[in-house]
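To start, the structure itself, in structure tokens.
The values are calculated or read from the model by the stated rules, or taken from the named source; none is laboratory data. Just so it is clear, the model here is predicted, and its values are computed rather than measured. Ideal geometry is used to build each Cβ from the backbone, glycine not excepted, and the neighbour counts take in all protein chains shown. Just the protein is used for accessible areas: all its heavy atoms, side chains included, with ligands, DNA and RNA removed. Shrake-Rupley method; radii C 1.70, N 1.55, O 1.52, S 1.80 Å.
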Amino acid sequence: MTRRGFSRAGAALGCTRPAAELQSPAARPPGPESPARCGAVAEKPSVRMTERFDCHHCKESLFGKKYILREDNPYCVACFETQYANTCEECGKPIGCDCKDLSYKDRHWHEACFHCSQCRSSLVDKPFAAKEDQLLCTDCYSNEYSSKCQECKKTIMPGTRKMEYKGNSWHETCFICHRCQQPIGTKSFIPKDNQNFCVPCYEKQHAMQCVQCKKPITTGGVTYREQPWHKECFVCTACRKQLCGQRFTARDEFAYCLSCFCDLYAKKCAGCTNPISGLGGTKYISFEERQWHNDCFNCKKCSLSLVGRGFLTERDDILCPDCGKDI
């Protein structure tokens, strides 16, 4: 509260600095602890004229002078500012008790020094942003640091919802399908040629159709004989297993896995009776409508390989010249 003193010569009015005068980003009390109050007095009420009323620090008499109370101790203005006044971040001078002390995150400014570091406009009672210890008005902050919308090229103001994809940003209302012009929001979309499409529009305009199921191919896919297939649709004609990433062959334009192709169409080896696929560089011997794997074309008696050699036949057997000389 304000103390008002009365001298014999007449009345002297005191002045009070409001206890809650300064709040961030407005003004705060000049000291870090209790509110300070100032007044001009001739003598303390209920104090005899013979008692002293002095500054708590310098001990000078406060009769007839302005003073500040801090923790119930009176200080002259000079001592209070020397001991407790905050230093202005901008000009480096103390913030006297006759000035508003504007504070933000334990930093303090004179009211006249509280301005944007770029355009110098006052930030008193206005929203502002802090960047690397600098205070900026919202316009300067947006121009310097805010993202630009990929669609309208305007600044995306702080606090505004935005959509981001691969380093690009959009206003929420600008992030729309290029074909139907409807907002995409958080729904799935497909980018193509720097344009974004909702899935239904992309399928109608750009997606290839699978040869098998006639539905659009939106991701992945297989090309066979210059025709597009879904991976799950490109399967063996016989066993229906997926062929993507597997070795396969074809007959009459139908694709088969190697196992099914061999079982259905490959000739059987006269030696081991297993199929001769002929794929992957496999070599085989053919004689009178019979075929053998290279490794199976051996003399029936001595097992000598007959590849590149002369041989004799006895019924279904093949013999080397030495084993067949007694035939």
Taking the conditions exactly as written (surrounded by fewer than 12 Cβ atoms within 10 Å (Cβ to Cβ), modelled with pLDDT of 50 or more and under 24 Å from residue 88 (Cα atoms)), does residue 71 satisfy them or not?
yes
Conditions (1) touching a Pro at 6+ places or on another chain (Cβ under 8 Å); (2) open to solvent by 30 Å² or more (accessible area, probe 1.4 Å): number failed by residue 181:
(1)
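Quick one: is residue 111 at pLDDT below 85, open to solvent by 70 Å² or more (accessible area, probe 1.4 Å) and not assigned by the TED database to the domain that holds residue 173?
Numbers: at pLDDT below 85: no; open to solvent by 70 Å² or more (accessible area, probe 1.4 Å): yes; not assigned by the TED database to the domain that holds residue 173: yes.
It is false that residue 111 is at pLDDT below 85, open to solvent by 70 Å² or more (accessible area, probe 1.4 Å) and not assigned by the TED database to the domain that holds residue 173.
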Restricting the search to the range 317-327, which residues are of a type in the set (Asp, Glu) and modelled with pLDDT of 80 or more?
317, 322
Applying the selection to the range 225-240, what residues are more than 41 Å from the chain's Cα centre (by Cα) and crowded, with 18+ Cβ neighbours inside 10 Å?
236, 237
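Being outside any strand (DSSP E or B) and among the hydrophobic types (A, V, I, L, M, F, W, C) is the filter; apply it to the range 309-325 and report the residue that is least open to solvent (accessible area, probe 1.4 Å). Can you show your working first?
Initial filter on the range 309-325 (outside any strand (DSSP E or B)): 309-311, 315-316, 320-325.
Imposing the further condition that a residue be among the hydrophobic types (A, V, I, L, M, F, W, C) reduces the set to 311, 320, 323.
Working: 311: 63, 320: 7, 323: 32 Å².
Checked the range 309-325; the qualifying residue least open to solvent (accessible area, probe 1.4 Å) is 320.
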From the list 125, 106, 139, 133, pick out the single residue that is under 26 Å from residue 174 (Cα atoms) and open to solvent by 30 Å² or more (accessible area, probe 1.4 Å).
139
Please specify each residue of the range 150-170 satisfying the condition of being surrounded by 14 or more Cβ atoms within 10 Å (Cβ to Cβ) and within 22 Å of residue 202 (Cβ to Cβ).
150, 151, 163, 168, 169, 170
